[in-house]
Structures are given as C-alpha cells and as structure tokens.
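Scroll down for the structure; my scribbles are underneath it.
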Amino acid sequence: MRTALITGGSGGIGKACGRRLVEAGYDVVLTARREAPLRAAAEELGARYVVADAATPQTFAPAVEAAESIGLVVHASGVLGGTYARKQTFEQWRAIMSANLDSCFAVTSAALPRMAPGSRFVFISSSAAHEPMRARTAYSAAKAGMNAFAGALAQEVDRDGISVHLVTPGPVETEMLADVPFEMYAIRAADVADAVVWLDTLDPSVEVPEIRLHAVTRGPSARPPVVPLEVQRRGQSSR
C-alpha cells in the first residue's frame, strides 16, 4: 500500500486530498499543528495523524517517522495573511514566510530519506505566485519562493527517480477566504484534490512541472461567486 503524507491535513485542501487518497486506497498520514481538528479529520476520513508543525524541522520529524516509507508528499499547509508592506511588522512577515516557505524545506529535508524511485512531491501553491496580491506582500513572495524551490528541487531529485509537481489554484472555497474583502469565483478543495490524485497516476517518466487551476467565470459551467464572510460583514455594517 502506498503511503501519502499530507501537511495541513486538518482542513481545506489538505483534508480534501486526504479524503480522495483514502478513497483511492492509500495509507494516509495527516499532519497539522492543532490536535483537535486534526484528530477529527483523521477519524472522519479513516486516516492516521501526527501533530506536527511543518515549518519546524524538530517538530515535523515525528510525522515522517510515523509514515516510514513515503510514496507521496502533499505539502498543503500554509496561511493567507499579512497586509501592505508599509503596515506590516517584521514579525508578521517572518510568520507568513515561515509557514509558507520555510515549511517547504523542513518537509522536504525530513521526507527525502524515506522516498524511493517512483515517489513524488506535490506542492500546493497559489495564483499569487504568478499574479502577486495587493496587500499580501509576504504571502505572494512566499508562494513565488515555493515555486522556485520546487523547480530547483525537481532538478536535484530527478536522478533519484523522484518527481516534483506544483498544483497552483486560484481562489479555493476554504476558510482562508473568510477575510477576503470582495466576492470571487472559486473552485472547490475537491477539485484541487482530484488534480493531486491524478498526478500520482502518471508514469514516473512523465514530467508535469505545474498544473494551474482557475474557476470558470462564464457560461453554463460557471458556479455562483463566493461571498466571503468579510464581504457579508461589511454589507451588514453599511446598512
């Protein structure tokens, strides 16, 4: 049975990936920092779980030990935060960079020794890596850094038969959108999970550096736009 290690597994994209992979017959190990929601997700999906901070090598090590051999790493943990550069403190900058970029190194360095030929990494990026977001300087920089990290890693581990992919979605219907001050068209976390599962069906000889996913905004396939809680709150306060 192929083992999949998923960071950010307590909710959002990470949990959706865990659900799809359990359904596909994987031995899934979910990781996240908060035990209560992580345990609940694991029990719901029928997965294993280990409480671990993906941004800290020392605390992430137990997750890798629980996974033993690793066939698939899905790095889905991260935070959407920050503000304008003129308002942001250095501490805020560091927290966002650590969660979104330092974690790439911590997860990779821990997992690599347990990965054999045919294994693969999937990094969940963001459209902000290509189209930087206003008032999200740290987040945009971190996701662009993730893309560069994945590209460099791919050139390092191809000799070991290990594949590296980026899945780069636009807005996704998760809790991370709650504070966004405008409505938007978004895809579902399950849509991202479907792309991740498909990638692991590819023959190792096939290279797919990046998959970009965006919501359809016109025509019969378009879903209604998402109205984040912040938009609802502002609408109520303006009445």
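Assorted remarks:
- Trypsin sites (Lys or Arg not before Pro) restricted to region 13-56 and DSSP loop, no more than 15 other C-beta within 10 Å: R34
- Spatial separation of Cα centroids for region 192-221 and region 48-62, in angstrom: 27
- Of the residues S103, S205, S69, the one that moves most in a GNM of the chain with alpha-carbon contacts below 10 Å is S205.
- Taking other residues whose beta carbon is less than 15 angstrom from the beta carbon of R120, and scoring Lys, Arg as +1 and Asp, Glu as -1, yields -4.
- If you plug the beta carbon distance of R2 and E175 into 1/(1 + (r/R0)^6) with R0 = 25 Å, you get a FRET efficiency near 0.30.
- Neighbour net charge for V172 - beta-carbon separation under 11 angstrom, K R +1, D E -1: -2
- Taking GluC sites (Glu not before Pro) in DSSP loop states with no more than 12 other Cβ atoms inside 10 Å as exposed sites, the chain has its longest site-free stretch at 69-206.
- For region 80-162, trypsin sites (Lys or Arg not before Pro) are listed when DSSP marks them as loop and at most 12 other Cβ atoms sit within 10 Å of their Cβ; the list is R86, K87, R134.
- Two-site FRET efficiency, V206 against E91, from Cβ-Cβ distance with R₀ of 25 Å, rounded to 0.05: 0.05
- Ratio of Rg to Rh for region 3-237: 0.96 [Cα atoms; Kirkwood radius as inverse mean 1/r over pairs].
- Angle in degrees between helix 35-45 and the longest Cα principal axis of the chain, rounded to the nearest 10: 70
- 13 Å beta-carbon shell around D191, net charge (K/R +1, D/E -1): +3
Where a number appears in this text, it was derived from the coordinates with a stated rule and is not lab data. This is a predicted model, so every value here is computed, not measured. Reconstructed Cβ throughout: ideal geometry from the backbone, glycine too, with neighbour counts over all protein chains shown.
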